[in-house]
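In what follows, a single structure is set out as structure tokens and then discussed.
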Amino acid sequence: MTRRPRTAPAALALLALLAAGGLSACGDDAETGTADDTSTSASAGTDGGDGTDDPEGAGSTEDTQEISTDQVTLRLPGGWESLDAEEALAQADGEDGTLASIAERLGVPPEQLEATLQNVDLVAVADGGAQDGVLTNVNVLHQSGELPGEDEFAAQLEQFADTTGDVTTVEAPVGDVLRADYQLDINGTAGQFEVLLAQVGGDVVTITVTSADAADAAEVADLVVATLEAA
């Protein structure tokens, strides 16, 4: 039997922590991720989430920077800063037991969730601070396994998210990528999420974008899709 990790719930749990944690950018590189200090203008068209090119999307004119992990490289808007992943998780959890509450919602022991989140490779945050209590950010994590089907991924999202959009398969330089959007309320804070799943070798790489605004989250996801490559 092929083992398929519960990738979506793990990524959702991490983003829930970050959305509620009010992280502040410290300017450090992520633990295993690195940023190219030279910003460039992205010329590739972006994908609007439905498989069609959107040449006037967020990634077509704004300055961007290259971010990399051991599995993938991608581009994010210029001015974003990377955080140490372990420090970001600790800061987000704080003293209010957020990690434990998310684990309870997922139906797994806190220790199991914490072990899963050790696979977080990158946390990057937008400049300008939180908007409406939500910090715009992107995180990347990987788990060994195979990419789920669209229906399976949709079912995973429905287990956790408050509302979900359609799951689609879009083309990226890395190959086929599963893409979905969802909404999640954390202690009264509404978060808008875009999640991307890609197969890189024997790993499933999950990239999740969080924002207070669904259009902003979609624009960043468009840029990631247009530039996502295997490392």
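The values are calculated or read from the model by the stated rules, or taken from the named source; none is laboratory data. Computed from a prediction, not measured in an experiment: that's the story for all the values here. Because the Cβ atoms are built from the backbone with ideal geometry, glycine has one as well, and the counts that use them run over all protein chains shown. Only protein heavy atoms, including side chains, enter the accessible area calculation; ligands, DNA and RNA are left aside. Shrake-Rupley method; radii C 1.70, N 1.55, O 1.52, S 1.80 Å.
Taken over the stretch 196-217, residues that are in contact (Cβ under 8 Å) with a residue 60 or more places away in the chain and either surrounded by 23 or more Cβ atoms within 10 Å (Cβ to Cβ) or part of a strand (DSSP E or B) (or both) amount to 13. Just so you know, in the stretch 148-169 the residues that are open to solvent by 60 Å² or more (accessible area, probe 1.4 Å) and not acidic (Asp, Glu) include one that is modelled with the highest pLDDT, and it is Thr169. Give the stretch 95-147 a look and list any residue that's at pLDDT 85 or above and either assigned to a helix (DSSP H, G or I) or hydrophobic (A, V, I, L, M, F, W, C) (or both), or say none. Result: Leu122, Val123, Ala124, Val125, Ala126, Val138, Val140, Leu141, Leu147.
Considering only residues that are of a type outside the set (D, E, K, R) and surrounded by 13 or more Cβ atoms within 10 Å (Cβ to Cβ), which ones fall in the stretch 136-147? Within the stretch 136-147, Thr136, Asn137, Val138, Asn139, Val140, Leu141, His142, Gln143, Gly145, Leu147 meet the criteria.
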